[in-house]
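> Below is one structure. I have some questions about it.
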Amino acid sequence: MAYQATTLPAAQAIAPVPHIQAIVQSCKDLLDEKQAAAVLDVSPGTLAVWRSTGRYKLPFLKVGRNVRYRRTDLESWLQERCRSTGATA
């Protein structure tokens, strides 16, 4: 039986490993509860309540026991909450 070399289609090609600088930068953008609370001008306890109740659907990550927030997620969440009128709904 002869061996025939095959190539993978582009869709199945292995993705390149992310550059180490990109990984380091993404870790710098992770904020702990105190830092995230400071960005949002709320207390860390308020963030804990929002997480447990799902009140505002603010994205967060669990790293072991630790909770982390992506700075970009906080900025996007704040942008979504901007209002141009006095309406609260």
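> Those residues that are at pLDDT 90 or above and β-branched (Val, Ile, Thr), I need them from segment 46-78; list them, please.
THR46, VAL49, THR53, VAL67, THR72
> Across segment 1-45, which residue is least open to solvent (accessible area, probe 1.4 Å) among those that are modelled with pLDDT of 90 or more and β-branched (Val, Ile, Thr)?
VAL42
> Go through ARG51, ARG68, ARG83 for me and flag whichever is among the basic types (Lys, Arg), out of contact with any strand residue (DSSP E or B) (no Cβ under 6 Å at 6 or more places or on another chain) and not in a helix (DSSP H, G or I).
Residue meeting the stated conditions: ARG83.
> Mind listing just one residue for me: the one in segment 50-89 that is among the polar types (S, T, N, Q) and closer than 14 Å to GLU33 by Cβ and, of those, surrounded by the fewest Cβ atoms within 10 Å (Cβ to Cβ)?
Checking each candidate, the answer is SER52.
The values are calculated or read from the model by the stated rules, or taken from the named source; none is laboratory data. Please read all numbers here as calculations on a predicted model, not as lab measurements. We place every Cβ from the backbone using ideal geometry, glycine too, and count neighbours over all the protein chains shown. SASA here: full protein model, heavy atoms, side chains in, ligands and nucleic acids out. Shrake-Rupley method; radii C 1.70, N 1.55, O 1.52, S 1.80 Å.
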